[in-house]
Structure formats: structure tokens, C-alpha cells
Amino acid sequence: MQSGITRFTQVGDWIFEVKMVRALRVEKYGQPYDAVSTLTANGDNLYIDTQLTRQHNELSREDCMAFYEFARQLEMKQIQYDKLRNGERQSRIVEIVENQRPRAQVHLARVK
């Protein structure tokens with residue numbers, strides 16, 4: 001497919017911004033896919049709205065790393081998603097380490 005994606009593209013007087021993406025797990029576009037996900041970009045965060053697989057299997061580590069790499073290329077700072085575990089919804093946040101700006105370290109000292 002394509003390497004080096006951008007979130008904003010200008011064509012004429014229009015700027016197109018990627019806000020929502022549908023991701024398909026398949027070797028070649030047009031073939032039947034076995035997993036689908038919907039992602040929404042909001043500011044510096046990418047939220048995974050949907051994760052569905054044909055066989056109701058969990059997504060693999062390789063699948064998660066593909067989402068991470070996609071978010072990194074879009075220059076996102078975090079990925080957020082919800083996971084059901086034992087019938088309870090748990091929110092998760094994954095930091096995109098490569099896209100974090102170095103944070104200033106503040107050291108407090110006592111003044112006498």
C-alpha cells in the first residue's frame with residue numbers, strides 16, 4: 001500500500017482532513033476481510049470506535065502494532081479504546097511515544 005501518510009491534504013482551495021477511517025484486515029483490497037475497525041481522529045488522539053472480527057477472536061499483537069504505526073504516521077499522541085473484560089467495559093490509553101514532545105522537568109527546592 002502507501003507509506004508516509006498525512007492527516008491534511010490540500011487540493012486547490014480545499015484542505016481535506018482525515019477524521020474517520022475504516023480499517024480492514026485483508027491481504028489485498030477487494031478480497032473478503034476477516035476483521036474491521038473504525039477509527040476517529042480528534043485533535044492529537046485516535047479513538048478506536050469499533051473492533052469486529054469474523055470469528056470473534058481477539059486482535060493480535062501484530063494487529064495492535066499496525067494501529068500504533070498508523071497513529072504514529074498521522075502524528076497522533078495517543079490511541080484510546082474500550083475493551084470488554086468479564087462483561088465490564090475498561091477504557092485504555094496507549095501513548096505514541098515517538099510523537100511525544102520532551103516534557104520539561106521541574107525540580108522543586110526548599111527555600112530557607
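The values are calculated or read from the model by the stated rules, or taken from the named source; none is laboratory data. Given the structure is predicted, the values throughout are model-derived calculations rather than measurements. Here the Cβ positions follow ideal geometry from the backbone for every residue, glycine too, while neighbour counts run over all protein chains shown. Note: accessible area is taken over every heavy atom of the protein model, side chains too, but ligands, DNA and RNA are not part of it. Shrake-Rupley method; radii C 1.70, N 1.55, O 1.52, S 1.80 Å.
Summary table below
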quantity: Matching residues in segment 13-24 - criterion: being under 19 Å from Asp82 (Cβ atoms) and open to solvent by less than 100 Å² (accessible area, probe 1.4 Å); calculated: Val21, Ala23
quantity: Of residues in segment 37-51 being farther than 20 Å from Arg89 by Cβ and in contact with a strand residue (DSSP E or B) (Cβ under 8 Å, 6 or more places away or on another chain), the one surrounded by the most Cβ atoms within 10 Å (Cβ to Cβ); calculated: Ala41
quantity: Search result, residues across segment 71-104 that are modelled with pLDDT of 90 or more, open to solvent by less than 60 Å² (accessible area, probe 1.4 Å) and out of contact with any strand residue (DSSP E or B) (no Cβ under 6 Å at 6 or more places or on another chain); calculated: Gln73, Leu74, Lys77, Ile96
quantity: Check on Tyr29, of a type in the set (Ser, Thr, Tyr) and surrounded by 10 or more Cβ atoms within 10 Å (Cβ to Cβ); calculated: no
quantity: Selection count where residues are part of a strand (DSSP E or B), touching an Asp or Glu at 6+ places or on another chain (Cβ under 6 Å) and farther than 14 Å from Phe67 by Cβ, scope segment 13-54; calculated: 0
quantity: Residue check, Gln10 surrounded by fewer than 10 Cβ atoms within 10 Å (Cβ to Cβ) and part of a loop (DSSP other than H, G, I, E, B); calculated: no
quantity: Residue count for segment 45-77, restricted to those that are acidic (Asp, Glu) and farther than 24 Å from Glu17 by Cα; calculated: 3
